[in-house]
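See structure below.
The values are calculated or read from the model by the stated rules, or taken from the named source; none is laboratory data. The model shown is predicted, which means the values in this text are computed figures rather than measured ones. Heads up, the Cβs are rebuilt from the backbone with ideal geometry, glycines too, and the neighbour counts pull from every protein chain shown. Calculation scope for accessible area: heavy atoms of the full protein, side chains included, ligands and nucleic acids excluded. Shrake-Rupley method; radii C 1.70, N 1.55, O 1.52, S 1.80 Å.
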Amino acid sequence: MTDEKPVHFIKQIIEDDIASGRWGEPGDRSIVRTRFPPEPNGFLHIGHAKAICLSFGLAAEYGGTCNLRFDDTNPTREEDAYVRSIIGDVKWLGFEWDGEVKYASDYFGQFHAWAVELIETGKAYVDDQTPEQIRATRGTPTAPGTNSPFRDRAIDENLDLFAKMKAGGFPDGSRVLRAKIDMKSPNFNLRDPVIYRILHARHHRTGADWSIYPMYDWAHGLEDSIEGITHSLCTLEFEIHRPLYDWFIDAINEGRSEPIHHPQQTEFARLNLTYTVLSKRRLLELVEGGQVTGWDDPRMPTISGYRRRGYTPEAIRSFVGEVGITKFDSVIDVGRLENACREHLNRAAPRRMCVLNPLRVTITNWGEGGDENRVEMMDAVNNPEDDSAGTRPVPFGRTLYIEREDFMEDPPRKFFRLGIGREVRLRYAYWVKCHDVVKDERGEVIELLCTYDPATRGGDSPPPDAQGKVRKVKGTLHWVSAAHALDVEVRLFDRLFSVESPARKPKDEGDDWDFKTNLNPGSLTVVQAKLEPNWRGESDPKWADGIERFQFERQGYFCVDCDSSDQSPVFNRTATLRDSWARATNKR
RNA sequence: UGCCCGAUGGUGUAAGGGUAGCACAGCAGUUUUUGGUACUGCUAGUCCAGGUUCGAAUCCUGGUCGGGUAACCA
């Protein structure tokens, strides 16, 4: 891979740091140490994929390392099940972390020791105020906060109280440890932020060992410091926390002969996608409300959803790479993610023929050459983008299915498909001409009667006529032999939301407005389709994640869903093919 | 209201005082046994007002617009 990626502002910082020797010997590129620090309280979504690709990708690019570290400082909402799903998602995306998986909870002892140091140096105090009191005295954007009456408590008393907090001697919410910074700071984060709160909750890793738990701001920089992180990358909403990130480390280091490591936090814009909701809260609402079947519903923008939908890690990485890294809060057209997926699958997916909406076709002159029940095996190319994929035999006989949309009794201009008196090519088989239709009592066409031209075997043009003219057809259709077709379930997915910004409340709506009103009622259609037999080819590519993916010709990309059994396969539509005919007809 | 951050075609993203480029979308065409793929061409942009400079997307000042921010969440 030699493709030149643009040098975004974070790389710029890294390049400068390498040149100046900020983190080691000048010129040493391997100094780059990053981390991906998810809280195990939900499933990862495509926005996290951006953060993952950035931090892991940068480390790989510079020959440094990236840690996978769970920020598990709030036992009331974190679960081991989320830990496992996140680990699986990061692996699936194709990244390797340095050493063991890490946890903030590994460092609880160290965090506590540093907190005690802060108390000893007079930079932290135990506050007996209630949460309500603390909130009320924090001030407003225009008005400064006021000091807690406990702010100037004696160091020994603070030490004693903090020890009792740790020992479990106080009920939840009764006291906190606060940093003594500045209640008048224009930055709320510096108005004596809470460092520790009392929580008698069972932690997924430390059990009942602790009855106090560190807050994010206290824990995060210290985790980074302990792990020797150089570039701590996070999203924009933490920008205003950076002064506090720095303050904590500086406070610990003040008067210390051997200062602890001080990483650099840098913020970038999170990913936003059109027609997509990317907040854990709203995604959870869909799961719990039953609007989707779970976190891994193929319509969900979660990593597990895209995986089940048939997206590839390559596609997601490529997409994330091309949207770039900036501090501008942008919205990416979800079509670009779909395009990235098409691009990879076009190169890699073996082709099959599958009729989603079958219409019966009888080849009325099939018996003329002999037995009308005869079956011919046609040679179909597995992947026109990859010669090494070879060909496969596909049976062709007197009765076939084609796509209902590929026939029109009264076709408009520029319709290249079948109509009465029209001739088309059946891909890799024969040219056929429709001479009659059969209708049911309601007048609906239920069968096409066609003749085939034996001189077009394989789909080739027939030899020129006496005047040297070659007959041509404009359309090529996919088909399956009725006698051999497999009945399969196919799930056709469309966008989950029908508006571009589904989370944006319209101006004329009240506070009770629900983003779920923007749900697309047609986001899932299930059809019974006709698939060519022997669709699991021996020469098919082995996908790294074990998911089988195909292109159904002229339809799109599909993968085998985990609901499948050997007897009854289920396919998910990953993405449609681009369809300029559909686009042209929609415009009219 | 305060503080922090940002602004380049429709959407993203480059250009680090010297020709505003690339991708996606759109439009037109070529090729094609997928109305797919590939390829070619076209359309279209520096938020506004001042200032510095021979020269500003870039530096400075002011404004406008957008985002973030007042959990014992992360």
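Do we find a residue being in contact (Cβ under 8 Å) with a residue 40 or more places away in the chain and on the phi > 0 side of the Ramachandran plot anywhere in the stretch A:276-298?
no
Which of (1) more than 16 Å from RNA strand B (Cβ to nearest atom); (2) of a type in the set (A, V, I, L, M, F, W, C); (3) loosely packed, with under 14 Cβ neighbours inside 10 Å is the odd one out, the single condition A:Ala143 does not satisfy?
(1)
I'd like the residue in the stretch A:17-64 that is aromatic (Phe, Trp, Tyr) and not in a helix (DSSP H, G or I) and, out of all such residues, is farthest from the chain's Cα centre (by Cα).
This residue is A:Trp23.
Of the numbered conditions (1) out of contact with any strand residue (DSSP E or B) (no Cβ under 6 Å at 6 or more places or on another chain); (2) within 13 Å of RNA strand B (Cβ to nearest atom); (3) open to solvent by 30 Å² or more (accessible area, probe 1.4 Å), A:Thr391 fails exactly one; give the number of that condition.
A:Thr391 satisfies all of (1) out of contact with any strand residue (DSSP E or B) (no Cβ under 6 Å at 6 or more places or on another chain); (2) within 13 Å of RNA strand B (Cβ to nearest atom); (3) open to solvent by 30 Å² or more (accessible area, probe 1.4 Å) except (1).
Condition first: open to solvent by less than 40 Å² (accessible area, probe 1.4 Å) and not in a loop (DSSP other than H, G, I, E, B). Now tell me which residues in the stretch A:275-305 satisfy that.
A:Leu283, A:Leu286, A:Val287, A:Thr302, A:Ile303, A:Ser304, A:Gly305
Whether any residue in the stretch A:240-257 is assigned to a strand (DSSP E or B), farther than 21 Å from A:Gly522 by Cα and in the same structural domain as A:Ile18 (by TED's automatic domain parsing) is what I want to check.
No.
Within the stretch A:527-537, identify whether any single residue is surrounded by 12 or more Cβ atoms within 10 Å (Cβ to Cβ), modelled with pLDDT under 95 and within 16 Å of RNA strand B (Cβ to nearest atom), and answer yes or no.
Looking through the stretch A:527-537, at least one residue is surrounded by 12 or more Cβ atoms within 10 Å (Cβ to Cβ), modelled with pLDDT under 95 and within 16 Å of RNA strand B (Cβ to nearest atom).
Scan A:Pro463, A:Pro411 and give me the residue that is in a loop (DSSP other than H, G, I, E, B), modelled with pLDDT under 95 and surrounded by 12 or more Cβ atoms within 10 Å (Cβ to Cβ).
A:Pro411
Looking only at the stretch A:201-238, count every residue that is among the β-branched types (Val, Ile, Thr), over 28 Å from the mean Cα position of the chain (by Cα) and away from RNA strand B (no atom under 14 Å from the Cβ) and tell me the total.
Qualifying residue count, the stretch A:201-238: 1.
Quick one: is A:Asp217 buried (at least 19 other Cβ atoms within 10 Å of the Cβ) and over 23 Å from A:Arg22 (Cα atoms)?
Judged against the criteria, A:Asp217 is a match.
Does the stretch A:173-181 contain any residue that is of a type in the set (Gly, Ala, Ser), open to solvent by less than 40 Å² (accessible area, probe 1.4 Å), more than 8 Å from RNA strand B (Cβ to nearest atom) and closer than 30 Å to A:Ala81 by Cβ?
Looking for residues that are of a type in the set (Gly, Ala, Ser), open to solvent by less than 40 Å² (accessible area, probe 1.4 Å), more than 8 Å from RNA strand B (Cβ to nearest atom) and closer than 30 Å to A:Ala81 by Cβ, one finds none in the stretch A:173-181, hence no.
Out of the strands (runs of 3 or more DSSP E) lying entirely within the stretch A:541-588, which hold 2 or more residues that are more than 13 Å from RNA strand B (Cβ to nearest atom) and modelled with pLDDT of 95 or more?
Once the strands (runs of 3 or more DSSP E) in the stretch A:541-588 are filtered for at least 2 residues that are more than 13 Å from RNA strand B (Cβ to nearest atom) and modelled with pLDDT of 95 or more, what remains is A:556-560, A:570-576.
How about the stretch A:27-47: which of its residues are more than 15 Å from A:Ser232 (Cα to Cα) and within 16 Å of RNA strand B (Cβ to nearest atom)?
Result: A:Arg29, A:Glu39, A:Pro40, A:Asn41, A:Gly42, A:Phe43, A:Leu44, A:His45, A:Ile46, A:Gly47.
Would you pick out the residues in the stretch A:306-329 that are outside any helix (DSSP H, G or I) and open to solvent by 40 Å² or more (accessible area, probe 1.4 Å)?
Those that are outside any helix (DSSP H, G or I) and open to solvent by 40 Å² or more (accessible area, probe 1.4 Å): A:Thr326, A:Lys327, A:Phe328, A:Asp329.
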